[in-house]
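Enquirer: Pasting a structure below so you can have a look.
The values are calculated or read from the model by the stated rules, or taken from the named source; none is laboratory data. Since the structure is predicted, the reported quantities are computational estimates derived from the model, not experimental observations. Cβ placement follows ideal geometry from the backbone for every residue including glycine, while neighbour counts extend to all protein chains displayed.
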Amino acid sequence: MSIYNFCAGPAMLPAEVMAKAEAEFRNYQQLGVSVMELSHRCPEFMAVAEEAEQNLRDLMAIPDNYAVLFMHGGARGQFSAIPMNLLGQGKALYLLNGQWSDSAAKEAERYGQVETFDLRQGKGCFSLDGLGDTSDYRYVHYCPNETVDGVALYDIPEVDAPLVADLSSCILGRELDVSRFGLLYAGAQKNVGPAGLALVIVRRDLLDQARPETPSILNYQVAQKSDSMYNTPPTFAWYLSGEVFKWIKEQGGVAVMAERNRRKAQTLYDFIDASPFYQNNVAAAFRSEMNVTFQLVDEGLNQRFLKEAEAAGLRALEGHRIVGGMRASIYNAMPQQGVDALVAFMTRFAEAHQ
Ligand code: PMP
């Protein structure tokens, strides 16, 4: 039986990448040691690091006036690093559309003046109407894909300050015009690689604005000047992320991922919409292609659904503990067959219980 892992993160990684990592796990490039046993400064690892950065630059068409940093501390590390590096003595605006943008704003409030603008209109709709002039802010932060709520903002907000986006659950899932942003960041453990790594793509003119008390490990300029090796980086996570970048290139790049992701999401949403047994409360224009949330109309069947799904090889479908219900995370690594298997199971379950 095939096992499909719908975990929101750490999430499944491409089968081909895992097989390659397994094959070279104890003997990287005939060196007789694992890549995780190499010095981060040896030529073999430096090659891994440089190739990963170049492949990410190619995949996202990152312009030269942006630095790419491989940092520690996941996305929440960036919730602190961003205000420390960019806020100065000014104020920042956080757009709110779900759990993670709320958390990012709360963390930033610890470091200075933060204002918020709630995009939630009720009934699963979101709007920037009334946002007004944003030129007084040091930056505007938002989260294009809210992992917990299964909500996506596909239109990039028009703002007059550097735009900062949390791409943790959507990086490389579809094309993005990097030049519209001041800073992009993502925890790696969903669409990129193992946990322990955060990717930061930052316009170079924003590198040198950190407050003096910023911990060196969170300081963007320190990271950039040391090629993200100010201290020992998470080398294995960096290596495996690099293998995922190669895999995406081999598949045809981000455009191919985007096409597959659209089809997977469509399969699932079309099924949910057509079934009286399941529901999704997000307005169609704001539905996430990466995290498909849904509820059983009879919530009394939730535990049974999860147990039977698990027995059918469909793992980790439980919604986030804050919102309940179900969530199928279908990042780049999830094949269409996984989504088809889920729909087949949901059909069987509905027939057996209605
Ligand atoms: N932002 C988003 C959108 C996320 O989905 C997550 C993790 N689920 C985080 C931030 C926090 O990530 P980390 O655990 O890497 O700090």
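Enquirer: If I filter the stretch 315-329 down to residues being surrounded by fewer than 18 Cβ atoms within 10 Å (Cβ to Cβ), more than 17 Å from the chain's Cα centre (by Cα) and not aliphatic (A, V, I, L, M), which single residue comes out as farthest from Arg287 (Cα to Cα)?
Expert: Arg315
Enquirer: Turning to a different aspect of this structure: Considering each residue of the stretch 284-298, count those that are exposed (fewer than 14 other Cβ atoms within 10 Å of the Cβ) and in contact (Cβ under 8 Å) with a residue 24 or more places away in the chain, and give that number.
Expert: Within the stretch 284-298, residues that are exposed (fewer than 14 other Cβ atoms within 10 Å of the Cβ) and in contact (Cβ under 8 Å) with a residue 24 or more places away in the chain number 2.
Enquirer: Sort out for me the strands (runs of 3 or more DSSP E) sitting completely within the stretch 121-240 that have 3 or more residues that are within 16 Å of the ligand (Cβ to nearest atom) and assigned by TED's automatic domain parsing to the domain that holds Glu107.
Expert: Of the strands (runs of 3 or more DSSP E) lying wholly inside the stretch 121-240, those with at least 3 residues that are within 16 Å of the ligand (Cβ to nearest atom) and assigned by TED's automatic domain parsing to the domain that holds Glu107 span 163-166, 183-187, 198-203.
Enquirer: Can you pull out every residue in the stretch 80-116 that is within 25 Å of Ala284 (Cα to Cα), of a type outside the set (Ser, Thr, Tyr) and crowded, with 18+ Cβ neighbours inside 10 Å?
Expert: Across the stretch 80-116, the qualifying residues are Leu95, Leu96, Asn97, Gly98, Trp100.
Enquirer: Testing Tyr94 on (1) over 28 Å from Gln224 (Cα atoms); (2) in contact with a His (Cβ under 7 Å, 6 or more places away or on another chain); (3) among the aromatic types (Phe, Trp, Tyr), one condition comes back false. Which one is that?
Expert: Answer for Tyr94: the failing condition is (1).
Enquirer: Now for a separate question. Say whether the condition of being surrounded by 21 or more Cβ atoms within 10 Å (Cβ to Cβ), in the same structural domain as Glu318 (by TED's automatic domain parsing) and of a type in the set (Phe, Trp, Tyr) is met by at least one residue in the stretch 260-270.
Expert: no
Enquirer: If I go through the stretch 68-98 residue by residue, how many of them are on the phi > 0 side of the Ramachandran plot and within 17 Å of the chain's Cα centre (by Cα)?
Expert: Residues in the stretch 68-98 being on the phi > 0 side of the Ramachandran plot and within 17 Å of the chain's Cα centre (by Cα): 3 in total.
Enquirer: Out of the stretch 12-29, which residues are over 22 Å from Leu172 (Cα atoms), assigned to a helix (DSSP H, G or I) and among the charged types (D, E, K, R)? Give the derivation first.
Expert: Taking the stretch 12-29 as the starting set, the residues that turn out to be over 22 Å from Leu172 (Cα atoms) are 22-29.
Pick out the ones that are also assigned to a helix (DSSP H, G or I) and you get 22-23, 28-29.
The one that is over 22 Å from Leu172 (Cα atoms), assigned to a helix (DSSP H, G or I) and among the charged types (D, E, K, R): Glu22.
Enquirer: Quick check on Met36: is it in contact with a helix residue (DSSP H, G or I) (Cβ under 9 Å, 6 or more places away or on another chain) and more than 27 Å from Asp102 (Cβ to Cβ)?
Expert: yes
Enquirer: Now for a different question. If I ask for residues that are in contact with a Gly (Cβ under 9 Å, 6 or more places away or on another chain) and either farther than 17 Å from Lys249 by Cβ or of a type in the set (Lys, Arg) (or both), which ones from the stretch 11-27 would you list? Outline the logic, then answer.
Expert: Going residue by residue through the stretch 11-27, those that are in contact with a Gly (Cβ under 9 Å, 6 or more places away or on another chain) are 12-13, 17, 26.
Hits for the stretch 11-27 are Met12, Arg26.
Enquirer: Among (1) closer than 17 Å to Ala67 by Cα; (2) buried (at least 19 other Cβ atoms within 10 Å of the Cβ), which single condition is Ala237 missing?
Expert: So the condition that Ala237 fails would be (1).
Enquirer: Suppose we filter the stretch 30-86 for residues that are over 19 Å from Tyr142 (Cα atoms), polar (S, T, N, Q) and either part of a loop (DSSP other than H, G, I, E, B) or within 16 Å of the ligand (Cβ to nearest atom) (or both); how many remain?
Expert: Of the residues in that region, 3 qualify.
Enquirer: Separate question: Output the residues belonging to the stretch 54-96 that are of a type in the set (Gly, Ala, Ser) and either without any contact (Cβ under 8 Å) to a residue 24 or more places away in the chain or over 24 Å from Asp133 (Cβ atoms) (or both).
Expert: Answer for the stretch 54-96, where residues must be of a type in the set (Gly, Ala, Ser) and either without any contact (Cβ under 8 Å) to a residue 24 or more places away in the chain or over 24 Å from Asp133 (Cβ atoms) (or both): Ala61, Ala67, Gly73, Gly74, Ala75, Gly77, Ser80, Ala81.
Enquirer: Do we find a residue being surrounded by 15 or more Cβ atoms within 10 Å (Cβ to Cβ) and either basic (Lys, Arg) or out of contact with any Ser or Thr (no Cβ under 7 Å at 6 or more places or on another chain) (or both) anywhere in the stretch 21-29?
Expert: The answer is yes, given that some residue of the stretch 21-29 is surrounded by 15 or more Cβ atoms within 10 Å (Cβ to Cβ) and either basic (Lys, Arg) or out of contact with any Ser or Thr (no Cβ under 7 Å at 6 or more places or on another chain) (or both).
Enquirer: Among residues belonging to the stretch 104-120 that are in a helix (DSSP H, G or I) and charged (D, E, K, R), point out the one that is farthest from the ligand (Cβ to nearest atom).
Expert: Step by step, filter the stretch 104-120, then rank; the result is Lys106.
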